[in-house]
Amino acid sequence: MTTPLERRQDRVRREWYLLRFDMAMQGYPSAARKALHDELRAEIEAATADVGPSRALPQLGSPRGLADAYYAELGRPCPRPLDGAVVAALVGFAIALSWLSYALGSIDTLGVQGGGTAELSFLAVELTTRGGPGGMGLESSFSWPSLMLLMTVLAGAFALGSRSWRALPTFHPRPHEEHP
Amino acid sequence: MARDPQLLKGVLPMLVLRILARQESYGYELVTRLQAAGLQDIAAGTVYPILSRLEREGLITSRLVPSTSGPARKYYLLTAAGEDHLENAVAGWHTLSATVTQVLERPPTAARVTAAPPTDTTRDQP
């Protein structure tokens, strides 16, 4: 007999497992992915009813391993959009950080030199920095070329991170359709 | 003795089809039937993706059956295409198995071919 607390813990474990499975299945064709999610949930619930939660989830192995097995049975590589988004976010963060470091460095230099104003350009972004005993200031202006450059870099990072070339159609015969 | 997973990988879909040909099953029940048949180390996580592929390829189909001990179970059963595929797979397995057995049980030949020592043909002859 399970207590309400144990039932809640089992539910949390099951949902956590399914969430990790969904994350690992990010590149799977979306319609089939939803069906697999529902199917797996039903199988877990059925196995839990048969042998209890302590044996139902371990039988599945790791969510990542299970997702890899589904990918292997699909027979073709899939792009990973979530990985691409993470890589693009990291590249965006690195650009923002370097831009900020550059601006603060120029302000610091102006302060050391006794103050003044500097007009700079960094990664195609126009920067106007002011520094001196009276305070400091920073202005920036995005132009279309700078915006396009930034978007291109981020799109490239996303494309590389997500292995987007995998979405290109290729012919993969099913095993039972191959000639002997 | 530990079983090589790669050996099982190639025949597991055939075993799944064979078991479903005898009796329709839901996923976890199928796993327990494979385990009871001697594949104790088979995991549900290995079988579910195979079921998914077989269903996608139209070799098996499924139906939901209400259960008294939990949620509705998805029972899998063979289609006509699945029966044909199983028949071919079993025939292929028997052929391969006979060949492998023949090779493994062939007695070693008495006269072994030994490699001749290499001769240096570039050296000038006297």
Roughly how crowded by other chains is peptide A:36-46, in terms of the mean Cβ count from those chains within 10 Å of each of its Cβ atoms? 5
I'd like the FRET efficiency for B:Q35 and A:R41, computed as 1/(1 + (r/R0)^6) with the beta carbon distance as r and R0 of 25 Å, rounded to 0.05. 0.65
Between A:E6 and A:R20, what is the label-point separation in nm under the 7 Å Cα-to-beta-carbon projection? 2.2 nm
tail above 27 Å in the computed P(r) of the protein assembly as shown, as % of all Cα-Cα pairs, reads 63 percent
Debye, to nearest 20: dipole size of the protein assembly as shown, +1 on Lys, Arg Cβ, -1 on Asp, Glu Cβ: 600 debye
Find out how many positive minus negative residues lie around A:R166, taking Lys and Arg as positive, Asp and Glu as negative, among other residues whose Cβ is under 11 Å from that of A:R166. +3
What's the average, rounded to a whole number, of partner chain beta-carbon atoms within 10 Å of each residue's beta-carbon in B:67-74? 5
Tell me the label-point distance for the pair A:L97, B:T68, using the 7 Å Cα-to-Cβ offset, in nm and rounded to one decimal. 6.2 nm
In a Gaussian network model over chain A where Cα atoms closer than 10 Å are linked, find which of A:G52, A:G135, A:G111 has the largest mean-square fluctuation. A:G135
Rounded FRET efficiency, nearest 0.05, which uses the C-beta distance separating B:T109 from A:L160 and R0 of 45 Å: 0.20
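Per DSSP H run of n ≥ 4, the term is -39500 (n - 2.57); total these for chain A, divide by its residue number, and report the mean residue ellipticity at 222 nm rounded to 500 deg cm²/dmol.
-20500 deg cm²/dmol
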Which whole-number percent gives the relative contact order of chain A, counting Cα pairs below 8 Å spaced six or more residues apart? 22 percent
P(r) for chain A: what percent of alpha-carbon pairs falls in each 5 Å bin, starting at zero? 1, 7, 11, 11, 10, 9, 9, 8, 7, 7, 6, 6, 4, 2, 1, 0, 0
DSSP H helices in chain A with Cα extent of 27 Å or more along the helix axis and mean Kyte-Doolittle hydropathy at least 0.0? A:81-112
Please report, in debye to the nearest 20, how large the charge dipole of segment B:5-99 is about its Cα centre when each Lys and Arg carries +1 at its beta carbon and each Asp and Glu carries -1 there. 220 debye
What is the set of long-range amide H partners of A:S162 at a cut-off below 5 Å, with H atoms built 1.01 Å from backbone N? A:G84
Sort B:94-101, A:103-110, A:145-152 for me by packing, meaning the mean count of neighbouring Cβ atoms within 10 Å per residue, highest on top. A:103-110, A:145-152, B:94-101
Averaged over residues of B:35-48, the number of beta carbons from other chains lying within 10 Å of each residue's Cβ is 4
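Since every read-out is calculated from the coordinates, none of them should be taken as a lab result. In this text, all values refer to a predicted model and were calculated from it rather than measured experimentally. Here Cβ is always computed from backbone atoms with ideal geometry, including for glycine, and neighbour counts include all displayed protein chains.
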